[in-house]
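The values are calculated or read from the model by the stated rules, or taken from the named source; none is laboratory data. Predicted model only: the values in this text are computed from it and were never measured. All Cβ positions, even for glycine, are placed from backbone atoms using ideal geometry, and neighbour counts span all protein chains on display. Heads up: the accessible areas ignore ligands, DNA and RNA and are worked out on the full protein's heavy atoms, side chains in. Shrake-Rupley method; radii C 1.70, N 1.55, O 1.52, S 1.80 Å.
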Amino acid sequence: MKMALNRPFAPVLLSCVLICVTLWSNLSSCVLAKSSRRPNIVLILTDDLDIAIGGLFVASPLCCPSRASILTGKYPHNHHVINNTLEGNCSSKVWQKSEEAHTFPALLKTYTGYQTFFAGKYLNQYGHSEAGGVEHVPPGWNYWVGLEKNSKYYNYTLSVNGKPEKHGADYSKDYLTDVLANRSLAFLQYKSNYQPFFMMVSIPAPHSPWTAAPQYQNSFNNTKAPRDPNFNVHGKDKHWLIRQAKTPMSNASVQFLDDAFRKRWRTLLSVDDLVEKIVKRLEVSAELDNTQLYEFDIRVPLMVRGPNIKPNQTSQMLVSNVDLGPTILDIAGYNVNKTQMDGMSFLPVMEGKMNSSGWRTDILVEYEGEGSNVTDPACPLLGPGVSECFPDCVCEDSYNNTYACVRTVAPSANLQYCEFDDNEVFVEVYNMTADPYQLTNIAKTIDQEVLEKMNHRLMMLQSCSGQSCRTPGVYDTRCFLATAGGSADSDSRWRKKKKKKKKDGGKLCLL
């Protein structure tokens, strides 16, 4: 899903994506190994979480671009995966030739001697016949158990080291979350004890179709979607995709929303079981020694446990999914500066060696919309161009739902600034301190100087690459220079120049 259905504002930091749990520990098979070997790393991802359940700051609020950002450590404008379609570069041949060989798992395997294991959902179009089918195993993985295409719980195909393995609808042997748990436990049992390992388990839950395990199908029967202040409120000052939605929602729509919320929670109970099994297996094999639970709460339950991390701490520093790859490479002892990754290692933050003055204040969120060329029969008045419409014509996406946002968290500002690349050149700005539920778009009332500063920060991030993304204020030397202001006219002129330079193969930065 691209948008939380009970949220009456633009799909910016609201949905999809991923919650990450990272565990690492010192190998302890012998005294020598314990003192000299690098830590093991386990990364567990769940899919399609929003703020209502607990959501992550991500470089794009859509599954495939966000997964690509995790793997590459890059923003979407640098890895070029723009949406969930094959045409949007999701697991395409272009992706395979340009980025796949440079993901952090490939670097771990090639340069650090880690044995690597993957199980679960990779990229939404993985296994597509036009992208090599399930026979294609991405570089970087010693053991590969990849789900063909998008999220399912039954009746799916796995690529097991490049060979198709079909599954049906028998819970005891086919329920995907449990299958991934069992494959992970098998890897932990049979892996080499002479190499550190990286294990990535990527679970589709709680993504639709929200199929719970039989024992959990009656859980949360009285749970409802949160009735926050922005629940069922008309978004009159929002982007057109939000403005057009019927408000208040019909009783049927509210019931649909509550039912979906319950089903999502139910699927996560099996994820709890999976995490518990993996942690217990590591504990039994004495590979969880000296590990502590650590939780970042920056709109994402990012839980980390490991050596040198004090328990029961939280940090408000801005961490994005583009930082996961650099952090894992840092843990493994690989120099992130040797990569072209946009993200930063937050290992020093976790170990208490970095304070807020040395960390970023801004992160970028960007997305290029997708929509059907055919009008949805249930929503004929909207015409073609929208996609995935729910009751009352609440549509998740549209072809011109293309935007870029900068989220700023600093002592002097707690703002979200977004620009839509559409005919309106629509701008949304929210004061996240005074208006945490983003009810009031202050784009037309905010001080012009602040608006121009936010526009400047956004354009700087949209043109960054590698080191310049990690060091605010440093421009890419390959950029073409232009000016940008806060008005719609100047924004429109800037975009036209930007598109022309993009066609010419150049980059555009601010002066």
Original post:
For LYS224, what is the net charge nearby, where nearby means another residue's Cβ is under 12 Å from its Cβ and Lys, Arg count +1, Asp, Glu -1?
Top reply: -1
Subject >> Mean Cβ neighbour count within 10 Å, used as a protection proxy, ranking 62-73, 244-255 highest first >> reply: 62-73, 244-255
**OP:** With a 1.4 Å probe and every protein chain left in place, work out the accessible area per residue of the stretch 365-474 in Å², rounded to a whole number.
**Re:** 44 Å²
Original post:
Considering only protein heavy atoms, what per residue accessible area in square angstrom results for the stretch 40-356 with a 1.4 angstrom probe?
Top reply: 39 Å²
Original post:
Considering only the other residues whose Cβ falls under 13 Å of the Cβ of THR361, what net charge follows from Lys and Arg at +1 and Asp and Glu at -1?
Top reply: +4
**OP:** Collect residues whose amide H, placed 1.01 Å from N in the peptide plane, falls under 5 Å from the amide H of TYR75; neighbours closer than 5 in sequence don't count.
**Re:** ASP342
Original post:
Which whole-angstrom value gives the distance between the alpha carbon centres of the stretch 375-453 and the stretch 300-332?
Top reply: 29 Å
Original post:
Which of the peptides 173-184, 359-370 is most tightly packed, and how do the rest follow, going by the mean number of other Cβ atoms within 10 Å of each residue?
Top reply: 359-370, 173-184
Original post:
When only C-alpha pairs under 8 Å and at least 6 residues apart count, what is the relative contact order of the stretch 120-258, in percent?
Top reply: 17 percent
**OP:** Tally the DSSP beta bridges in the stretch 40-356 and give the antiparallel ones as a percent, rounded to 5.
**Re:** 40 percent
Original post:
Within the set LYS263/LYS444; LYS280/LYS310; LYS93/LYS280, which residue pairs have Cα atoms separated by over 28 Å?
Top reply: LYS263/LYS444; LYS93/LYS280
Original post:
Taking K and R as +1 and D and E as -1, what net charge do the other residues with C-beta under 15 Å from the C-beta of PRO348 add up to?
Top reply: +1
Subject >> HN-Hα J in Hz across the stretch 121-126 - Karplus 6.51, -1.76, 1.60, θ = phi - 60°, x for Gly and Pro >> reply: 7, 9, 10, 4, 9, 4
Original post:
What ranking do 382-394, 99-111 get when scored by the average of other Cβ atoms within 10 Å per residue, highest first?
Top reply: 99-111, 382-394
